[in-house]
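Novice: Sharing a structure here in structure tokens format.
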Amino acid sequence: MKLTMVGTGYVGLVTGVCLANTGNDVICLDVDAEKIEKLRKNICPIYEPGLTELMEKNNASGRLTYTLDKHEAYRDADMIFICVGTPSDERGHTDLKYINSACDDIAEVLGGLGPDQKHRVVVIKSTVPVGTTFYVRDRIREKVGPGIPFSVADNPEFLKEGDAITDFNKPDRVVVGVEDEKTAEMFRDVYDPFVRNGHPIYIMDVPSAEMVKYASNNFLATKISFINEMANLCEAYGANINKVREGMCSDKRIGNSFLYPGLGYGGSCFPKDTLACIMMGEKAGVKTDVSRAVHDTNQRQRELFFKKILGHFGGEAGITGKHLAFWGLAFKPRTDDIREAPALTLARKALGYGCKVTGFDPVAMENVKKEAPTIELVDDIYEAVRGADALVISTDWDEFKSPDFEKLASLMNGRVIFDGRNLYRRQALGEMGFHYYSVGREAVKPA
């Protein structure tokens, strides 16, 4: 099948590469000439394990190509996947300017081909408010005029950054919203190679498919905020959230996924999608009290953690001029994504109090240079802590889990660790002479 990806960001590139790898002819369209040139040279613009290798393989086969030319991209396509960004403001209102631009380009090309052309499916892959797919249909129809055969569909993505290739190749489920059976059958053909593990393709109405993505991400965000709220209660009453979690998650009705205490969720999906549910509720006159509480709890979690740092140094006067080292700057491991990263929230607060901030992350430092140039970046975890008054662990990369604590102590000014990911055993840190603060567990002082 001939497929076009509109946008070569995280969703468009992963989707295009994986669909090309099963034998489809895929064209990836973008307006960024520099990015397209790099992609043609197999230079991947994002960090995603396994993606570069698949790009190289499918580029070499000729099944995967990149273009700036919308006519080349749309002229022969059977399905056009719109994978552009849908940014939102602080209240969750979604900006559809990139969706609109894609619609107008599609209408221009299809209209120029005339009515004697094959039927195409325009697929919304981007996460969009409920009703947007029909809006896209109507906008294209208005601009393209009568007699041009096309249909629309919604096909939300469920890719975890750091595991996107596995998630696409072995999905828990594929969700598709369509208006007719012919379109549904095209999706079955496209996704059949990916669901031979017995996992389902759910064909449903378009608004339900749009809502599945929001409901899924909002629920996962709810789990994260819930376990953090329980962690805060544990600290207040001297309980240990790790023990509480073990006992709680052994109940098969609960399970253990997304129930890890920490600094709260970040990235591009959970914050945006939770706010979008609140926004959609406002528009429809539907109360979304749970979603509001999830968002507020998540934002508060970072504030509470920074209060531990302030408290240790005796407040605002005591922290001024201190040197804080950060291990981990991406919002989670196995990605270079720093959008809504807890580390940057905490680092900026520290900088605001006049602290020196150094940081290390295995893959995200190029992005941090652009976004937060006042953070001093070093390329080694131990160099990051040299002369530091405290270490802040904000991302649970594997290389942070078993450090040389003696070397750590010898390089730091103070043996203080603020662990936002609960990586270490409290008693062991105390015996090694560290002040150790974590999430949902009592702080430990040197033995």
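The values are calculated or read from the model by the stated rules, or taken from the named source; none is laboratory data. In this text the structure is predicted, and so the values were computed from the model without any measurement. In this analysis, Cβ positions are derived from the backbone assuming ideal geometry, glycine residues included, and neighbour counts consider all displayed protein chains.
Novice: Can you name every one of the helices (runs of 4 or more DSSP H) wholly within region 1-74 that holds 1 or more residues which are of a type outside the set (Ser, Thr, Tyr), surrounded by fewer than 19 Cβ atoms within 10 Å (Cβ to Cβ) and at pLDDT 95 or above?
Specialist: In region 1-74, 33-40, 51-61 are the helices (runs of 4 or more DSSP H) which contain 1 or more residues that are of a type outside the set (Ser, Thr, Tyr), surrounded by fewer than 19 Cβ atoms within 10 Å (Cβ to Cβ) and at pLDDT 95 or above.
Novice: A further question follows. Suppose we filter Ala231, Ala209 for residues that are of a type outside the set (Asp, Glu), within 28 Å of Asn100 (Cα to Cα) and surrounded by 20 or more Cβ atoms within 10 Å (Cβ to Cβ); which single one remains? Walk me through it before giving the result.
Specialist: Working: Ala231 fails: within 28 Å of Asn100 (Cα to Cα).
Among Ala231, Ala209, only Ala209 is of a type outside the set (Asp, Glu), within 28 Å of Asn100 (Cα to Cα) and surrounded by 20 or more Cβ atoms within 10 Å (Cβ to Cβ).
Novice: Residues that are more than 28 Å from the chain's Cα centre (by Cα) and among the small types (Gly, Ala, Ser): does region 221-236 have at least one?
Specialist: Looking for residues that are more than 28 Å from the chain's Cα centre (by Cα) and among the small types (Gly, Ala, Ser), one finds at least one in region 221-236, hence yes.
Novice: Please list, ordered by first then second residue, the pairs with beta carbon atoms under 8 Å, 6 or more apart or interchain, first in region 1-14 and farther than 16 Å from Val31 by Cα, second aromatic (Phe, Trp, Tyr) and surrounded by fewer than 24 Cβ atoms within 10 Å (Cβ to Cβ).
Specialist: Between residues of region 1-14 that are farther than 16 Å from Val31 by Cα and residues that are aromatic (Phe, Trp, Tyr) and surrounded by fewer than 24 Cβ atoms within 10 Å (Cβ to Cβ), the close pairs are Val14/Phe168.
Novice: With Gly162, Gly85, Gly147, Gly92 as the choices, which residue is more than 25 Å from Val14 (Cα to Cα), in contact with a Ser or Thr (Cβ under 9 Å, 6 or more places away or on another chain) and assigned to a loop (DSSP other than H, G, I, E, B)?
Specialist: Testing whether each residue is more than 25 Å from Val14 (Cα to Cα), in contact with a Ser or Thr (Cβ under 9 Å, 6 or more places away or on another chain) and assigned to a loop (DSSP other than H, G, I, E, B) leaves just Gly92.
Novice: Moving on to the next point. Run Lys287 past the list (1) basic (Lys, Arg); (2) in a loop (DSSP other than H, G, I, E, B); (3) more than 24 Å from Ser216 (Cβ to Cβ) and report the number of the one that doesn't hold.
Specialist: (3)
Novice: Continuing with the same structure: Search region 420-431 for residues that are under 20 Å from Leu304 (Cβ atoms) and buried (at least 16 other Cβ atoms within 10 Å of the Cβ) and pair each with any residue that is acidic (Asp, Glu) and modelled with pLDDT of 95 or more when their beta-carbon atoms are under 9 Å apart and the residues are at least 6 apart or on different chains.
Specialist: Every condition considered, the pairs that remain are Gly420/Asp396; Arg421/Asp396; Asn422/Asp396; Leu423/Asp396; Arg426/Glu442.
Novice: Say we look at region 183-220 and pick out the residues that are of a type in the set (Lys, Arg) and without any contact (Cβ under 8 Å) to a residue 60 or more places away in the chain; which of these is farthest from Arg120 (Cα to Cα)?
Specialist: Going residue by residue through region 183-220, those that are of a type in the set (Lys, Arg) are 188, 196, 213.
Subset that is without any contact (Cβ under 8 Å) to a residue 60 or more places away in the chain: 188, 196.
Values: Arg188: 15, Arg196: 26 Å.
Step by step, filter region 183-220, then rank; the result is Arg196.
Novice: Look at Lys160 and say whether it is touching a helix residue (DSSP H, G or I) at 6+ places or on another chain (Cβ under 6 Å), surrounded by fewer than 21 Cβ atoms within 10 Å (Cβ to Cβ) and not hydroxyl-bearing (Ser, Thr, Tyr).
Specialist: In short, yes.
Novice: Okay, moving on. So which pairs qualify, if the first residue must be in region 272-290 and closer than 19 Å to Thr86 by Cα, the second must be of a type in the set (Phe, Trp, Tyr) and part of a helix (DSSP H, G or I), the Cβ gap must be under 7 Å, and the two must be at least 6 apart or on different chains?
Specialist: Hits for this filter: Asp273/Tyr214; Ala276/Tyr214; Cys277/Tyr214.
Novice: Here's another thing I want to ask about it. Of the residues Thr52, Thr65, Thr94, Thr22, which is of a type in the set (S, T, N, Q) and in contact with a Phe, Trp or Tyr (Cβ under 8 Å, 6 or more places away or on another chain)?
Specialist: Exactly one residue qualifies, and that residue is Thr22.
Novice: Determine which member of the set Lys308, Lys322 is in contact with a strand residue (DSSP E or B) (Cβ under 6 Å, 6 or more places away or on another chain) and over 30 Å from Cys44 (Cβ atoms).
Specialist: Among Lys308, Lys322, only Lys308 is in contact with a strand residue (DSSP E or B) (Cβ under 6 Å, 6 or more places away or on another chain) and over 30 Å from Cys44 (Cβ atoms).
Novice: What is the residue count in region 122-136 for residues that are surrounded by 22 or more Cβ atoms within 10 Å (Cβ to Cβ) and either touching a Phe, Trp or Tyr at 6+ places or on another chain (Cβ under 6 Å) or in a strand (DSSP E or B) (or both)?
Specialist: 3
Novice: Please indicate, with yes or no, whether at least one residue in region 197-205 is over 19 Å from the mean Cα position of the chain (by Cα) and under 18 Å from Val439 (Cβ atoms). Give the steps one after another, and end with the answer.
Specialist: Just the residues of region 197-205 that are over 19 Å from the mean Cα position of the chain (by Cα), to begin with: 197-205.
Now restrict to residues that are under 18 Å from Val439 (Cβ atoms): none.
Checked against the condition, which is being over 19 Å from the mean Cα position of the chain (by Cα) and under 18 Å from Val439 (Cβ atoms), region 197-205 yields no hits at all.
Novice: A follow-up question, please. Quick one: in region 250-280, of everything that is in contact with a helix residue (DSSP H, G or I) (Cβ under 7 Å, 6 or more places away or on another chain) and assigned to a helix (DSSP H, G or I), which residue is surrounded by the most Cβ atoms within 10 Å (Cβ to Cβ)?
Specialist: Only one residue tops the list, namely Thr274.
Novice: Residue under question is Tyr437, and the condition is that it be in contact with a helix residue (DSSP H, G or I) (Cβ under 7 Å, 6 or more places away or on another chain), under 22 Å from Tyr237 (Cα atoms) and hydroxyl-bearing (Ser, Thr, Tyr); does it hold?
Specialist: So Tyr437 passes the test.
Novice: Would you mind telling me which numbered condition in (1) buried (at least 19 other Cβ atoms within 10 Å of the Cβ); (2) farther than 21 Å from Ala77 by Cβ; (3) in contact (Cβ under 8 Å) with a residue 40 or more places away in the chain Val175 fails?
Specialist: Of everything listed in (1) buried (at least 19 other Cβ atoms within 10 Å of the Cβ); (2) farther than 21 Å from Ala77 by Cβ; (3) in contact (Cβ under 8 Å) with a residue 40 or more places away in the chain, Val175 misses just condition (3).
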